[in-house]
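Data first, discussion second: the structure below is written as structure tokens.
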Amino acid sequence: MKFLDAHNHLHDARLAPQRAAILDQLAQLPVERAVVNGTREDDWEAVAALTREQSFAIPSFGLHPWYVASRTPHWLEKLRAQLESHPHAGVGEIGLDRWIEGHDPKLQCEVFLPQLAVATELNRPVTIHCLRAWGALYESLRTHPLPRRGFLIHAFGGPQEMVAGFVKLGGYFSFNAYFLHEQKARHREVFRHIPADRVLVETDAPDMRPPDEFTAFPLHDAEGHPINHPAHIALAYEHLAQIRGVTLEKLTAQVAENFARLFGG
């Protein structure tokens, strides 16, 4: 059994003190490929450095909606330079977020759409973050050119009735073990019905930690706060297979096909 993590942040400084041990654990599972997402200009080089050292890691560079206000005047040129230096890199994590306090919808769109345009021009996979902005996201995607290979809405938490529309636009959807929390029953139900050829699996590590009772790989940051271990990708696969009523082997094979279609072999 080989696992594919469609979205994480392996370069994150919170993982640095234990990164060697973490990488050993991922190799033992094994995790065959993992998409490592940058979220702001000052972490793009960390993504690049990690993915140069770890052949299983695929870089993705983007300006996350939480950090749009701190961008530099030449952020888009810097993004293009990273993408041109990494021909197999994706664009992400980018998106729209109406949950974060003090959000600026207009500014978020002004940053989201140019990144989408660059991804479309270069035909790179896009990884999208969305919270409480589903209508705005759908309209942005529906009314702008998109990469031929499609896009991922990571840790999809939108309504089931919007899935078909996103699928028609080229959307994929990744399941996260965070959805095993009791209050996430609606999210689990949505993933029961997503088309098989559009399902992916992720960890978002070190964020989106599973419930304590499912935590097989306890991990803490330097201040002792619990964080998500990327080895929980196996947990996400196991429970998604149960939710969808398929064998783990069948799910793994389908996810591998979907991953290769979006991110490349």
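The values are calculated or read from the model by the stated rules, or taken from the named source; none is laboratory data. Note that the coordinates shown come from a computational prediction; the quantities given were computed from them, not determined experimentally. Cβ coordinates were reconstructed from backbone atoms using ideal geometry, including for glycine residues, and neighbour counts include every protein chain displayed.
Which count do you get for residues in the range 127-150 that are without any contact (Cβ under 8 Å) to a residue 40 or more places away in the chain and either assigned to a strand (DSSP E or B) or on the phi > 0 side of the Ramachandran plot (or both)?
Number satisfying all stated conditions: 4.
Across the range 12-60, which residue is surrounded by the fewest Cβ atoms within 10 Å (Cβ to Cβ) among those that are part of a helix (DSSP H, G or I) and of a type in the set (S, T, N, Q)?
The initial filter retains those residues of the range 12-60 that are part of a helix (DSSP H, G or I), namely 13-28, 41-53.
With of a type in the set (S, T, N, Q) added as a condition, the list becomes 18, 25, 28, 51.
Working: Gln18: 16, Gln25: 17, Gln28: 9, Thr51: 22.
Taking the candidates together, the pick is Gln28.
Do we find that Asp5 is buried (at least 16 other Cβ atoms within 10 Å of the Cβ), touching a residue at least 40 places away in the same chain (Cβ under 8 Å) and closer than 30 Å to Lys106 by Cα in this structure? Step through it out loud before you land on a result.
Working: buried (at least 16 other Cβ atoms within 10 Å of the Cβ): yes; touching a residue at least 40 places away in the same chain (Cβ under 8 Å): yes; closer than 30 Å to Lys106 by Cα: no.
Answer is no for this residue.
Tell me which residues, restricted to the range 194-207, are farther than 12 Å from Asn8 by Cβ, among the β-branched types (Val, Ile, Thr) and outside any loop (DSSP other than H, G, I, E, B).
Val199
Tell me, please, whether a residue that is assigned to a strand (DSSP E or B), at pLDDT 95 or above, closer than 28 Å to Ala136 by Cα and hydrophobic (A, V, I, L, M, F, W, C) can be found in the range 208-219. Talk me through it step by step, then tell me what you get.
Taking the range 208-219 first, the residues assigned to a strand (DSSP E or B) are none.
Among the residues of the range 208-219, not one is assigned to a strand (DSSP E or B), at pLDDT 95 or above, closer than 28 Å to Ala136 by Cα and hydrophobic (A, V, I, L, M, F, W, C), which makes the answer no.
If I ask for residues that are more than 26 Å from Arg124 (Cβ to Cβ), touching a helix residue (DSSP H, G or I) at 6+ places or on another chain (Cβ under 8 Å) and basic (Lys, Arg), which ones from the range 1-60 would you list?
Within the range 1-60, none qualify.
Pairs, please: C-beta under 8 Å, at least 6 apart or cross-chain, first residue free of Cβ contacts under 8 Å to residues at least 40 places away in the same chain and assigned to a helix (DSSP H, G or I) and in the range 241-265, second surrounded by fewer than 17 Cβ atoms within 10 Å (Cβ to Cβ) and among the charged types (D, E, K, R)?
Short answer, once both residue conditions are applied: Ala241/Lys250.
In the range 81-98, how many are surrounded by fewer than 16 Cβ atoms within 10 Å (Cβ to Cβ) and assigned to a helix (DSSP H, G or I)?
Looking only at that region, the number is 3.
Conditions tested, residue by residue: (1) of a type outside the set (Ser, Thr, Tyr); (2) in contact with a helix residue (DSSP H, G or I) (Cβ under 9 Å, 6 or more places away or on another chain).
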residue: Ala117; (1), (2): yes, no
residue: Ser140; (1), (2): no, yes
residue: Pro147; (1), (2): yes, yes
residue: Phe151; (1), (2): yes, yes
residue: Phe166; (1), (2): yes, yes
residue: Ala177; (1), (2): yes, yes
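Among the residues of the range 185-210, write down those that are under 29 Å from His225 (Cβ atoms), basic (Lys, Arg) and either surrounded by fewer than 18 Cβ atoms within 10 Å (Cβ to Cβ) or in contact (Cβ under 8 Å) with a residue 60 or more places away in the chain (or both).
Arg186, Arg188
For residues that are more than 15 Å from Gly95 (Cβ to Cβ) and either assigned to a helix (DSSP H, G or I) or touching a His at 6+ places or on another chain (Cβ under 8 Å) (or both), tally how many sit in the range 165-174. Quick ask: steps written out before the conclusion?
Step one: list which residues in the range 165-174 are more than 15 Å from Gly95 (Cβ to Cβ), which gives 165, 167-168, 170.
From what is left, the residues that are either assigned to a helix (DSSP H, G or I) or touching a His at 6+ places or on another chain (Cβ under 8 Å) (or both) are 165, 167-168.
Summing the residues that are more than 15 Å from Gly95 (Cβ to Cβ) and either assigned to a helix (DSSP H, G or I) or touching a His at 6+ places or on another chain (Cβ under 8 Å) (or both) in the range 165-174 gives 3.
So is Gln54 touching a Leu at 6+ places or on another chain (Cβ under 8 Å), closer than 28 Å to Leu248 by Cα and among the polar types (S, T, N, Q) or not?
yes
If you take the residues of the range 1-11 that are outside any strand (DSSP E or B) and either over 28 Å from Lys78 (Cβ atoms) or modelled with pLDDT under 95 (or both), which of them is nearest to the chain's Cα centre (by Cα)?
At the first step, the residues of the range 1-11 found to be outside any strand (DSSP E or B) are 1-2, 9-11.
Those still in the list that are either over 28 Å from Lys78 (Cβ atoms) or modelled with pLDDT under 95 (or both) too: 1-2.
Details: Met1: 21, Lys2: 18 Å.
Taking the candidates together, the pick is Lys2.
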